[in-house]
Amino acid sequence: MPESVPVLDFGSQTAQLIVRRVRELGVYSELLPHDVAEATVRALNPYGVILSGGPASVYEPDAPMLPDWLITTDLPVLGICYGMQLQSYALGGRVVRSTRREYGPAMLEVIAHSLLFGTITGEQPVWMSHGDHIEQLPPGFHPLARTTDVPFAAMGNDARHWYGVQFHPEVVHTTCGRDILRNFLFAVCGCTANWQPTQFVAQAVAQVRAQVGNERVLCALSGGVDSAVAALIIHQAIGDRLTCVFVDNGLLRQGEAEQVIKTFRDHLHIPLVTVQATEEFLAALEGVSDPEEKRRIIGERFIRVFEREARQMQDIRFLAQGTLYPDVIESRAPDRQKGVTIKTHHNVGGLPTDMQMILVEPLRYMFKDEVRAAGVELGLPETWVWRHPFPGPGLAVRILGPVTWQRLETLRQADAIFMAELRAANLYRTTQQAFAVLLPIQSVGVMGDGRTYADTIALRAITTEDYMTADWARLPYDLLARVSSRIVNEVEGVNRVVYDVSSKPPATIEWE
Ligand code: XMP
């Protein structure tokens, strides 16, 4: 059992990020509800606990509090933002409402030596996001750092190994954040970095074996890295009792269906059922322009195709999905504020309610980068492991307006040129997602001596850490020029290419 430092979730937007950072440093971590039982934490072989930030104020009537067992625990504890305020409040300090909310960059001044700051001294840029702050430290704690607005920006009780920071060490804007977390894990908690993401594979294989027994499993492949890694793990666990289903819905990129089929059959030797459903999908989408309507139709079609396949393979009780840890965290946190629906995301393999199949989710504790590491370990080709994400509704949400076969072909060609040039320029791996979009407008152009009135292709390339926010990639002008020239010359019906220079927010990554 690896050492762990779990994170208790008090609702911060960056709580998941703390877990990721801890794992990146070679220590296992999970995000647990703030009122988790001690036994659940102890079962993870904990060496310490981290308390996340959160939107509440300790004096609000329904504010989430520290669980009783934690107040008397012998485990080291690091409180972050609201987590620090809770430590203070629970141990007899005083927390007050600030006159103004502090949000964004601040300059931290380290004022005392501690295991937490180690060799970090002097002034350090940090990221703040809080309404309340600590006015009086609890007994036994001493101040470790301050900012101009916050006198106790960090505190510590060395005897008890309890520390608190008002800022967020998990975000990249806190440049010494990684070192602070490292000090907490190794100098304070005494961890030895005995965990790495590839350990997930052995663990997941054993879990699948135990869950499935002698039964058969159906796995929907999307062509993306998640479902492929899920399939490989299950295949290792139960061999040929796994059947993969790949639906060619006609909304895929150039050569994609052939590549998926070939890799699975010839390279990975996993049985694959391919369902040709292009006509069915295109018929259902005919004349539909509304983005949400497109998503709904495609989601439902997938389910119908899937139901048909499952009926044909009668004795299958288990359905595999490539659900990742962030999805699990989101779906099990009812007290997290639900935002408005921006887009109805869906993944291939959405569970038909009347199918009565039991879910197998071998990736349910993994982040995307850990899935990639597992993919490499399991022999998935590098080109697949590093493939950019592709939305479940496929090219349908990259064709603005109605989807027709001809428009799909236009977009496929333009997209393939963009990808080929991006790879040739060695920039595919440094952009996290790039693609072409077919716009519903035509514009005037001149080709040779003639007038054209033809379609516009928009190119989109982004850089991002987590796809929640993104910036547009500063691609070199020469590359853009080459892609543009090739598209207007090689793709019939296109006379104009534009580059999308919007970040997310306010734009989303996909156009629909
Ligand atoms: P947005 O457009 O919401 O996209 O900024 C964020 C990330 O999610 C991908 N995306 C989807 N993935 N099913 C998926 O599996 C979907 O319906 C879907 N819609 C968007 C998008 O490509 C980007 O990586």
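Here's the yes/no breakdown for (1) of a type in the set (A, V, I, L, M); (2) at pLDDT 95 or above; (3) outside any strand (DSSP E or B):
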| residue | (1), (2), (3) |
| --- | --- |
| Pro143 | no, yes, no |
| Met155 | yes, yes, no |
| Tyr163 | no, yes, no |
| Thr192 | no, yes, yes |
| Gln196 | no, no, yes |
| Ala206 | yes, yes, yes |
| Arg209 | no, yes, yes |
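Residues in region 462-479 that are more than 16 Å from the ligand (Cβ to nearest atom) and part of a loop (DSSP other than H, G, I, E, B): Arg474, Leu475, Pro476. Scanning region 204-223 for residues being touching a residue at least 60 places away in the same chain (Cβ under 8 Å) and open to solvent by 40 Å² or more (accessible area, probe 1.4 Å) gives a total of 5.
Yes or no: Val397 under 30 Å from Gln13 (Cα atoms) and open to solvent by less than 10 Å² (accessible area, probe 1.4 Å)? It is true that Val397 is under 30 Å from Gln13 (Cα atoms) and open to solvent by less than 10 Å² (accessible area, probe 1.4 Å). Under the condition of being open to solvent by 40 Å² or more (accessible area, probe 1.4 Å) and within 29 Å of the chain's Cα centre (by Cα), the residues counted in region 283-295 number 5.
With respect to the conditions (1) open to solvent by less than 30 Å² (accessible area, probe 1.4 Å); (2) assigned to a loop (DSSP other than H, G, I, E, B); (3) touching a Phe, Trp or Tyr at 6+ places or on another chain (Cβ under 8 Å), Leu108 lacks only one, and its number is (2). Scanning region 379-393 for residues that are away from the ligand (no atom under 16 Å from the Cβ) and open to solvent by 30 Å² or more (accessible area, probe 1.4 Å) yields Gly379, Pro381, Glu382, Thr383. The set of residues from region 224-245 being open to solvent by 60 Å² or more (accessible area, probe 1.4 Å) and touching a residue at least 40 places away in the same chain (Cβ under 8 Å) comprises just one member, Gln236. Candidates in region 296-315 are the residues that are of a type outside the set (D, E, K, R) and not in a helix (DSSP H, G or I); of these, the one that is surrounded by the fewest Cβ atoms within 10 Å (Cβ to Cβ) is Gln314. Within region 394-429, the residues that satisfy the criterion of being among the charged types (D, E, K, R), within 16 Å of the ligand (Cβ to nearest atom) and not in a loop (DSSP other than H, G, I, E, B) are Arg398, Asp415.
Residues are listed down the side, and each one gets a yes or a no for (1) buried (at least 17 other Cβ atoms within 10 Å of the Cβ); (2) assigned to a strand (DSSP E or B); (3) away from the ligand (no atom under 16 Å from the Cβ):
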position	(1), (2), (3)
Thr431	yes, no, no
Ala434	yes, yes, no
Ile441	no, yes, yes
Arg460	yes, yes, no
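The values are calculated or read from the model by the stated rules, or taken from the named source; none is laboratory data. Keep in mind that this is a model prediction, so the values were computed, not measured. Cβ coordinates were reconstructed from backbone atoms using ideal geometry, including for glycine residues, and neighbour counts include every protein chain displayed. Note: areas computed on protein heavy atoms with side chains; ligands, DNA, RNA excluded. Shrake-Rupley method; radii C 1.70, N 1.55, O 1.52, S 1.80 Å.
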